[in-house]
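The structure under discussion appears below in the form of structure tokens.
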């Protein structure tokens with residue numbers, strides 16, 4: 001049994017935890033008085049991080065050990081559930097095993113309420129990782145858990161989170177449907193707070209808003225104000241949403257009015273994240289109204305609060321606002337600086353997202369491994385029970401033979417199961433690599449096009465305007481110097497754009513390759529012979545596919561130039577059976593192809609990944625002192 005002092009500590013700390021939003025109003029029967037006190041502070045507010053996660057982690061660990069020692073499965077399940085929530089703040093890498101542990105105990109004690117909390121928290125966590133479909137499945141399971149214990153308020157709250165997850169997924173029609181279900185459920189119970197009703201109506205409104213049903217969104221937002229009277233933070237969010245909708249409709253004066261009301265309310269309950277959003281909206285609105293000084297003030301303030309909030313998304317939005325403002329005021333140098341910062345931040349978020357996805361795959365592997373170990377332990381326990389039951393039997397030989405047969409079958413099953421898991425994991429990794437590389441290619445193409453079409457054109461206009469000044473001030477050296485600086489800037493923009501996507505690709509893949517090889521022939525002492533069959537020109541690849549093929553050939557030829565000590569490279573491109581075949585052969589020193597698998601460099605890994613992205617085939621034949629032959633087979637885009 002937990003001591004009274006420890007219980008009081010739980011009451012003081014657990015109220016500040018995350019996700020589990022309500023007090024448990026009823027407990028499962030058969031628990032002592034101290035157990036009921038422990039169950040009372042069931043994590044009240046949604047989406048708030050633990051303010052003292054280290055302490056709650058320590059206390060929950062203590063409670064878990066105590067419950068295990070007493071064989072109290074219900075308390076053990078709840079303590080493990082608290083550890084799952086705490087780990088989400090302390091170390092998310094360790095959170096998932098505690099979810100599994102908690103659920104295994106709670107299933108034994110049949111505690112549907114806490115099973116619902118666990119599934120609810122897991123659904124929110126998966127939604128934050130953009131695993132929307134999987135997250136929704138956990139949330140729907142939480143709904144079933146809460147319905148079994150008749151916790152109608154939590155049922156409604158789960159539907160609110162489902163609607164919000166569908167909104168983030170871009171499925172606004174389903175988002176509206178579940179928001180309306182949440183509103184109906186919450187109206188049917190007296191336990192639903194005004195704040196929870198506000199959340200349900202707010203998520204309905206934002207689904208309307210992003211589905212471009214602006215008048216419906218405004219109707220719900222205005223109706224929702226009554227639910228947050230006396231709560232300045234939520235009222236501020238409500239006014240900000242109204243202002244944002246008016247902004248999308250083009251009613252900038254009305255938008256400015258409600259955004260100022262939002263700012264007034266948020267000052268009573270300061271939140272850097274909320275400030276950054278509202279100030280960013282005010283900057284946009286005042287830019288549209290032509291109030292440049294106000295727009296600048298709000299944009300600078302939004303940047304301050306975005307940095308203070310630590311939110312990369314808010315920083316990206318703020319850099320976008322500052323970029324547009326500087327373009328409007330013709331400060332192109334500063335505009336380019338903000339555009340660059342925005343791109344770098346998006347790239348870093350992309351890398352972090354990739355690392356998160358890879359970690360999720362590792363968690364999945366560890367979970368499957370643990371389940372297999374549990375099954376093996378259970379099987380061994382059954383074998384021991386059979387052996388004890390038949391220990392005095394005269395059929396000992398038959399029993400031993402049966403045991404050996406079962407073990408052999410389990411080993412075979414284990415091998416088959418393991419091979420299936422490996423194949424599935426490899427397939428998932430391939431899909432992941434394709435998605436990541438495809439996203440990188442499209443982002444490079446988009447940024448290159450923006451640099452060329454937007455910044456390049458703007459600089460050309462600036463150059464033309466400055467050149468016109470020479471007629472009025474022919475002897476002004478400052479104009480000459482400015483033109484030189486503009487020419488350098490245009491050259492640098494073209495250089496950056498070319499690095500992202502070669503300009504020659506605008507004239508086709510083979511023209512770009514020929515240009516690459518001409519540059520090599522004129523510079524590095526290696527002769528490149530390029531032969532393109534006439535039929536090959538019939539290949540019409542997408543821009544992203546052309547860029548991938550270009551990068552593959554560029555990487556291979558670069559490796560040959562650096563390492564092969566070759567004097568000649570023969571490259572042939574032919575079309576065959578709706579496939580493009582690129583054959584590359586050099587007369588260099590060759591290498592051991594087995595070293596590719598053990599290479600620590602990223603060159604061959606990039607080549608292999610890009611070929612796989614295109615569903616292509618890469619064949620390499622090489623021997624020491626005999627040169628290297630490489631064949632790349634790429635299917636047409638429509639194959």
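When N counts the residues of the stretch 254-343, how does its alpha-carbon radius of gyration compare numerically with 2.2 N^0.38 Å, as a ratio?
Dividing the Cα radius of gyration by 2.2 N^0.38 Å gives 1.03.
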With labels modelled as points extended 7 Å from the Cα through the Cβ direction, what inter-label distance (nm, one decimal) is found for residue 288 paired with residue 518? 4.9 nm
Go ahead and run the numbers for FRET between residue 147 and residue 606, Cβ-Cβ distance against an R0 of 41 Å, rounding to 0.05. 0.20
Residue order, fewest to most beta carbons within 10 Å, for 257, 226: 226, 257
Percent breakdown of C-alpha pair distances by 5 Å bin, ordered from the shortest bin, for the stretch 197-239: 5, 27, 34, 22, 9, 2, 0
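Within the P(r) computed for the stretch 207-263, what percentage of the Cα pairs occupies the region above 14 Å?
So the portion of pairs separated by more than 14 Å is 50 percent.
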Taking R0 as 35 Å, what FRET efficiency do you get between residue 529 and residue 496 from their Cβ-Cβ distance, rounded to the nearest 0.05? 0.65
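By counting other Cβ atoms within 10 Å of each Cβ, how are 413, 64 ranked from fewest to most?
413, 64
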Residues 472, 91, 168, 586 in order from fewest to most other beta-carbon atoms within 10 Å are 472, 91, 168, 586
Just subtract the alpha-carbon distance of residue 511 and residue 485 from 0.36 nm times their residue separation and send over the number in nm, one decimal. 6.2 nm
Using 7 Å Cα-to-Cβ label points, what is the residue 579/residue 473 separation (nm, one decimal)? 6.5 nm
Describe numerically, in nm with one decimal, the distance between label points set 7 Å from Cα along Cα→Cβ at residue 466 and at residue 191. 7.0 nm
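Under 20 °C and 1.002 mPa s, how fast does the stretch 507-635 diffuse according to Stokes-Einstein, given a Kirkwood radius computed over C-alpha pairs? Answer in µm²/s, whole number.
The diffusion coefficient I find is 143 µm²/s.
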Linear extension gain, residue 173 paired with residue 415, 0.36 nm per residue minus alpha-carbon span: 82.6 nm
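Coordinate-derived values only; no laboratory data. Quantities reported herein were computed from a predicted structural model and do not represent experimental measurements. Every residue, glycine among them, receives a Cβ derived from its backbone with ideal geometry; neighbour counts consider all protein chains shown.
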